[in-house]
Amino acid sequence: MTQSTADERPSDRHLRRRRYDPDRRERIIEAAFRVIARDGLGGMTHRSVAREADIPVGSTTYHFADKDDLLLSVLEYSGNRALTSFPELFASCHPEKDLAGALAELVLKLITRDREQLMFDYAVFLGARSRPPVHEAALKWANSADTMIEKYTDPLTAHVLAELLEGMLAQHVVFGRKIVSVDEVRSSFTRVLHGRRQHAATTTRPEAQLQGDLTQ
């Protein structure tokens, strides 16, 4: 040990280690993401996040002024993560070949392969009503599902399919509904798509009027 190191106070050494830990802020955000996915928004505190990240509580308050500051950073992290992984996961289900089957497969993959992201998303959904920043993040996620499905059908049908998708996932997360196979949920998506084609073949009303009827 050099003389300069020996003369350092403990607080100086702590600050020096913190200064040379450039990834700590990102680790705190990732830890907060896991805490929310596991315990909900109410379970996220500076202390619980510090415990999850295995760091001193002071590190979380150093990087984030308060819980809302940390929460906004976690929402941004999750949004960027979901906007990349969600479309990639859907594309791997080959929706261009069988849209109903791809959506059914997506449901199964989300509750197994990407469950942590799913649990985080619905923890955010449940807290969206009373917290404006959370509400904006939840709405952005919902709109991204519409946009993703619109590539394979018309906007109105895409919106109905997205709501059905979100409803199935919400029932699984909130009520513990078990989904064990693709075929189990494919029929629901098929009904929406086939019903749309049957309706279009038997009506003379313009699409704009149909959309107005459904959105009233």
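Can you confirm whether Asp68 is surrounded by fewer than 19 Cβ atoms within 10 Å (Cβ to Cβ) and over 17 Å from the mean Cα position of the chain (by Cα)? When the stated conditions are applied, Asp68 passes them. If you go through region 91-108, how many residues are open to solvent by 10 Å² or more (accessible area, probe 1.4 Å), in contact (Cβ under 8 Å) with a residue 60 or more places away in the chain and under 18 Å from the mean Cα position of the chain (by Cα)? Residues flagged as open to solvent by 10 Å² or more (accessible area, probe 1.4 Å), in contact (Cβ under 8 Å) with a residue 60 or more places away in the chain and under 18 Å from the mean Cα position of the chain (by Cα) within region 91-108 amount to 2.
For every residue, the table says whether it meets (1) part of a helix (DSSP H, G or I); (2) closer than 18 Å to His194 by Cα; (3) in contact (Cβ under 8 Å) with a residue 60 or more places away in the chain.
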| site | (1), (2), (3) |
| --- | --- |
| Pro133 | yes, no, yes |
| Ala138 | yes, no, no |
| Ala142 | yes, no, no |
| Ala145 | yes, no, no |
| Thr153 | no, yes, no |
| Val160 | yes, yes, no |
| Leu165 | yes, yes, yes |
| His172 | yes, no, yes |
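Within region 170-194, being surrounded by 17 or more Cβ atoms within 10 Å (Cβ to Cβ), of a type outside the set (Val, Ile, Thr) and under 16 Å from Gly101 (Cα atoms) holds for Arg186, Ser188, Phe189, Leu193. Among the residues of region 35-65, the one identified as of a type in the set (D, E, K, R) and either buried (at least 19 other Cβ atoms within 10 Å of the Cβ) or in contact with a His (Cβ under 7 Å, 6 or more places away or on another chain) (or both) is Glu52. Condition check: free of Cβ contacts under 8 Å to residues at least 24 places away in the same chain and out of contact with any His (no Cβ under 7 Å at 6 or more places or on another chain). Does Ala128 satisfy that? So Ala128 does not fit the description; no. With respect to the conditions (1) open to solvent by less than 10 Å² (accessible area, probe 1.4 Å); (2) farther than 25 Å from Val35 by Cβ, Asn143 falls short on a single one, namely (1). Would you pick out the residues in region 125-136 that are in contact with a helix residue (DSSP H, G or I) (Cβ under 9 Å, 6 or more places away or on another chain) and open to solvent by 30 Å² or more (accessible area, probe 1.4 Å)? Within region 125-136, Phe125, Leu126, Arg129, Arg131, Pro133, His135, Glu136 qualify.
(1) in a helix (DSSP H, G or I); (2) out of contact with any Lys or Arg (no Cβ under 8 Å at 6 or more places or on another chain); (3) surrounded by fewer than 16 Cβ atoms within 10 Å (Cβ to Cβ): which one isn't true of Tyr122, the others all being true? With respect to (1) in a helix (DSSP H, G or I); (2) out of contact with any Lys or Arg (no Cβ under 8 Å at 6 or more places or on another chain); (3) surrounded by fewer than 16 Cβ atoms within 10 Å (Cβ to Cβ), Tyr122 is out only on (3).
The values are calculated or read from the model by the stated rules, or taken from the named source; none is laboratory data. Since the structure is predicted, the reported quantities are computational estimates derived from the model, not experimental observations. Note that each Cβ is placed from the backbone with ideal geometry, even for glycine, and that neighbours are counted across all protein chains shown. The protein model used for the area step is the full one, side chains on, heavy atoms only, and it has no ligands, DNA or RNA in it. Shrake-Rupley method; radii C 1.70, N 1.55, O 1.52, S 1.80 Å.
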